[in-house]
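Written out below as structure tokens is the structure these notes cover.
The values are calculated or read from the model by the stated rules, or taken from the named source; none is laboratory data. Worth saying up front: this structure is predicted, and the values here are computed from it rather than measured. Here the Cβ is made from the backbone with ideal geometry for all residues, glycine too, and neighbour counts use every protein chain on show.
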Amino acid sequence: MLSQLTSAATQVAESVLGIVGIRVGTEEPPYDAEPLAEGLEIRRYRPRIAAETTVEAPEEQARSEGFRRVARYIFGGNTGSQKIAMTAPVSQSSARGTKIEMTAPVSRTGDDENGWVIRFFMPSKWTMSTLPVPDDDRVRLVEVPAETVAVLRFTGDRGQAAVAARSAELLDALRDEGIEATGEPQAWFYDPPWTVPFRRRNEVVVTTSTTRE
């Protein structure tokens, strides 16, 4: 009983802190960063594992439904009913031009017709052999290879128009730096919907070559 009360109190405290964008104990995938300009940087990520689902719906509806599906998995909707710690960011990319079984779909912001891939990165302590199997067959575990990405960070609105505008800004900034984007932009979100907009951490991300033209 005491442990349940403690757990409930912890969840309430974390929810309150989440309102102002304070992420307590939330793990992020490790990376090496190279700043380029204000809010813009190159990151080099190591291989990691993600749980993801594809939702065929408009962008913001897909984000909500996809979040619920994968959240059910990490909150115990799996073999053994194991709970998996929440991490950041949550990734959203388009499923255009990919099949559901592929591990690294190419993304494009604004493609409602072909569906959206919503992805949670798994805590680093887990491996493909130790992670529990999702109860929902629409959720799958994938290995994400090491990659180099360009990242533009922003706060505030994270709706479809805002993400599209920031994606265009990211690609323009890379052209100005003489760096080639090798994929198409996707969106990463670090905070729950109830976080006040000016405290949200949002990012648009694209795979890239760091060799300047």
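If you check residue 4 against the conditions, is it modelled with pLDDT of 90 or more and either touching a Leu at 6+ places or on another chain (Cβ under 8 Å) or in a helix (DSSP H, G or I) (or both)?
Answer is no for this residue.
Being in contact (Cβ under 8 Å) with a residue 60 or more places away in the chain, buried (at least 16 other Cβ atoms within 10 Å of the Cβ) and closer than 16 Å to residue 61 by Cα is the filter here; which residues of the stretch 150-162 pass it?
160, the sole residue that qualifies.
Would you check which residues across the stretch 82-105 are buried (at least 17 other Cβ atoms within 10 Å of the Cβ), at pLDDT below 75 and β-branched (Val, Ile, Thr) and list them?
The answer is 98, and nothing else.
All but one of (1) surrounded by fewer than 16 Cβ atoms within 10 Å (Cβ to Cβ); (2) more than 23 Å from residue 74 (Cβ to Cβ); (3) at pLDDT 95 or above hold for residue 143; state the number of the condition that does not hold.
(2)
Would you call residue 169 modelled with pLDDT of 95 or more and assigned to a helix (DSSP H, G or I)?
For residue 169, the condition - modelled with pLDDT of 95 or more and assigned to a helix (DSSP H, G or I) - is met.
Look at residue 156 and say whether it is among the small types (Gly, Ala, Ser), assigned to a loop (DSSP other than H, G, I, E, B) and at pLDDT 90 or above.
yes
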